[in-house]
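The values are calculated or read from the model by the stated rules, or taken from the named source; none is laboratory data. Everything numeric here is computed off the predicted structure, so don't read it as measured data. Cβ coordinates were reconstructed from backbone atoms using ideal geometry, including for glycine residues, and neighbour counts include every protein chain displayed. Protein only, heavy atoms only, side chains kept; ligands, DNA and RNA dropped before computing areas. Shrake-Rupley method; radii C 1.70, N 1.55, O 1.52, S 1.80 Å.
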Amino acid sequence: MTSISEFARTRPDHPAAIVYETGASISFAELENASRNVANELVRRGLQYGDRVAILMENSLEYFIAMWAVRRAGMYIVPVNWHLRQNEIRHILENSQSRGLIASESLRHLAEDACPESAGPDVRLVSGESIAGWLAFDDIVARASGGPLRAERDGAPMYYTGGTTGAPKGILRPLSGEAFGAASLVEQVFTPTYGLGAETRYLSPAPMYHAAPIGWTMMVQRVGGCVILLQSFDAERALAAIDEYRVTHAQFVPTHFVRMLKLSEEVRSAYTLRSLEYVIHAAAPCPEAVKAKMLDWVGPKVFEYYGGSERCGFTAIGPEEAMSHPGSVGRSLHGGMHILDPESGRELPHGEAGLVYFDRAEHFEYYGQPGQSAKCFNDAGWGTMGDVGYLDKEGYLFLVDRLSNMIISGGVNIYPQEIEDSLIEHPDVLDVAVLGISDDEYGQRVHAVIVPSASAASDPDLVSRLDQHCRSRIAGYKRPKTYEFVSELPRLPSGKLQKRILYEGRAPQS
């Protein structure tokens, strides 16, 4: 059993995290003492094992202190996306029944607007100076060690879905009851799969309130590695961080890949990426052409995994497998996979698309929404995250799309992901979303929302070129019937597209 406590003893001065933009760092000894102080304060203020504590902070060293404090106090970490609207933040705080809240000084007003002091949470900590209704996080952190908690039992994250198709849903699973430092199932599976250890230097470029940054940074620090944290993603800055800190592991989403690949050759060649051992990506489907370009650039170091905050199951694929099975997200890391017909529940043969189920899914519930939770499991206890895909004869999974994204046009099922993957290959397309828009004749028509390159934005022939591009790649019934051009798409910083926002009150152009 390992934890940050062990490395605070054996390598106290080794950095647990470094913020790239500022160079600020925190050692394992400092992280151990600070997180213990905050955990003790939460307990002293009456919070108990299994309570929820929300964290509303930007990417910072304080985030690591907060999440480790909550975990070692045996409570649930509730990360809050500070890009959400006021009502969405209120929903998370109220739905999770968070009794504690840790906020940065600059985001405190979001919490106060969403939930006034009279509405809870009961215990509020804020970085910076103490103010009415809030305890000073910095003062608690700076105390001399108050000693260990009487019994440190392991806590866990309680993630909220991104709200891409509706209100965020809290994913709650039972706490393990084990002592602090015990490895979660995810940590047991991914730590050896990706060679994480004390010499790991892991680049975390995404906002910490997402599942992957929290899960992976805790995994890295739990085995003694160092996190190189970006305050926000910038394509060239990510390359500079890899070069300067000799990063061994970096995790991205496909949108990050696209932005790095569109840097000029001069910019990309200015940084050495030789230290990289693993370039990991997940969170959203990666077009085959984008992955191929990454493999050409960095070599056979590109690793993909598929999973979700619900943790029904995981797959993984390495670079050699990706080249021999292009488009696949790999084979299961834990248990078996099954493809079931979404209507009848019948298991489908190899090559036929249906809902992806895992037969060793961890039990969870969407907190306060038992009806929604039940939809994720079948009578055999197999779990699904709502994705459509198929298996080949070797057990490799190929994802088609989310079932909820499916377009039905003239009675034919069309999955937007294939069309989006085709359009993103066009040099004049920076980003794309494909929607099903109401159509009097066909029920729905395929509509493409495009972020064009600056040079093509005012080109009257762009639609014609895009249509010709699609003709050579996808069937005629799948081609967009209408196009719309915008300056940006509503993506979460994790790369996930918020299609519900695109659907709200639109009048598509023809």
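Structural remarks
- Residue 349, sole failed condition from (1) closer than 16 Å to residue 395 by Cβ; (2) in contact with an Asp or Glu (Cβ under 9 Å, 6 or more places away or on another chain): (2)
- Looking only at residues of the range 388-397 that are surrounded by 18 or more Cβ atoms within 10 Å (Cβ to Cβ) and either out of contact with any helix residue (DSSP H, G or I) (no Cβ under 7 Å at 6 or more places or on another chain) or at pLDDT 90 or above (or both), we find that the one that is nearest to residue 282 (Cα to Cα) is 397.
- Residue 427 being in contact (Cβ under 8 Å) with a residue 60 or more places away in the chain, of a type outside the set (A, V, I, L, M, F, W, C) and in a loop (DSSP other than H, G, I, E, B): no
- Considering residues of the range 129-145 that are free of Cβ contacts under 8 Å to residues at least 12 places away in the same chain and part of a helix (DSSP H, G or I) only, the residue nearest to the chain's Cα centre (by Cα): 138
- Residue check for residue 190: touching a residue at least 24 places away in the same chain (Cβ under 8 Å), in contact with a Phe, Trp or Tyr (Cβ under 9 Å, 6 or more places away or on another chain) and outside any loop (DSSP other than H, G, I, E, B): yes
- Of all residues in the range 296-308, those being surrounded by fewer than 19 Cβ atoms within 10 Å (Cβ to Cβ) and in contact with a helix residue (DSSP H, G or I) (Cβ under 6 Å, 6 or more places away or on another chain) number 1.
- Entirely in the range 54-128, the helices (runs of 4 or more DSSP H) that have 1 or more residues that are in contact with a strand residue (DSSP E or B) (Cβ under 9 Å, 6 or more places away or on another chain), under 22 Å from residue 156 (Cα atoms) and at pLDDT 95 or above: 61-72
- Answer from 106, 98, 127 - the residue that is of a type in the set (S, T, N, Q) and closer than 25 Å to residue 222 by Cα: 127
- The lone exception for residue 50 - which of (1) assigned to a helix (DSSP H, G or I); (2) open to solvent by 10 Å² or more (accessible area, probe 1.4 Å) it fails: (1)
- Answer residue from the range 470-505, given it is of a type in the set (A, V, I, L, M) and under 17 Å from the mean Cα position of the chain (by Cα) and is least open to solvent (accessible area, probe 1.4 Å) among those: 492
- Selection within the range 444-461: residues that are open to solvent by 40 Å² or more (accessible area, probe 1.4 Å) and outside any loop (DSSP other than H, G, I, E, B). The member of this set that is farthest from residue 257 (Cα to Cα) is 444.
- Among the residues here, residue 277 qualifies as touching a His at 6+ places or on another chain (Cβ under 7 Å), touching a residue at least 24 places away in the same chain (Cβ under 8 Å) and open to solvent by 30 Å² or more (accessible area, probe 1.4 Å).
- Residue match in the range 352-374 (condition: out of contact with any Phe, Trp or Tyr (no Cβ under 7 Å at 6 or more places or on another chain), open to solvent by 30 Å² or more (accessible area, probe 1.4 Å) and under 22 Å from residue 498 (Cβ atoms)): yes
- Restricting the range 224-272 to residues that are small (Gly, Ala, Ser), touching a strand residue (DSSP E or B) at 6+ places or on another chain (Cβ under 9 Å) and without any contact (Cβ under 8 Å) to a residue 40 or more places away in the chain, the residue that is nearest to residue 204 (Cα to Cα) is 238.
- Failed criterion for residue 419 (all others in (1) within 30 Å of residue 502 (Cα to Cα); (2) loosely packed, with under 14 Cβ neighbours inside 10 Å; (3) not acidic (Asp, Glu) hold): (2)
- Taking the numbered list (1) surrounded by fewer than 24 Cβ atoms within 10 Å (Cβ to Cβ); (2) in contact with a strand residue (DSSP E or B) (Cβ under 7 Å, 6 or more places away or on another chain); (3) in a helix (DSSP H, G or I) in turn, residue 33 passes all entries but (2).
- Residue within the range 211-224 that is surrounded by 18 or more Cβ atoms within 10 Å (Cβ to Cβ) and charged (D, E, K, R) present: yes
- The number of residues in the range 236-247 that are of a type outside the set (Lys, Arg) and either open to solvent by 10 Å² or more (accessible area, probe 1.4 Å) or at pLDDT below 95 (or both) comes to 5.
- So residue 436, is it touching a residue at least 24 places away in the same chain (Cβ under 8 Å), part of a loop (DSSP other than H, G, I, E, B) and crowded, with 19+ Cβ neighbours inside 10 Å: no
- Residues that are in contact with a Gly (Cβ under 8 Å, 6 or more places away or on another chain) and not small (Gly, Ala, Ser), drawn from the range 250-285: 253, 254, 255, 256, 277, 278
- Residue satisfying all of: in the range 212-260; among the polar types (S, T, N, Q) and within 21 Å of residue 294 (Cα to Cα); farthest from the chain's Cα centre (by Cα) among these: 248
- All positions within the range 6-27 that are out of contact with any strand residue (DSSP E or B) (no Cβ under 8 Å at 6 or more places or on another chain) and in a loop (DSSP other than H, G, I, E, B): 11, 21, 22, 23
- Contact annotation: residue pairs with Cβ atoms under 8 Å, 6 or more positions apart or on different chains, pairing a residue in the range 365-379 that is under 25 Å from residue 337 (Cβ atoms) and at pLDDT below 85 with a partner that is buried (at least 17 other Cβ atoms within 10 Å of the Cβ) and of a type in the set (Ser, Thr, Tyr), are 372/366; 373/366.
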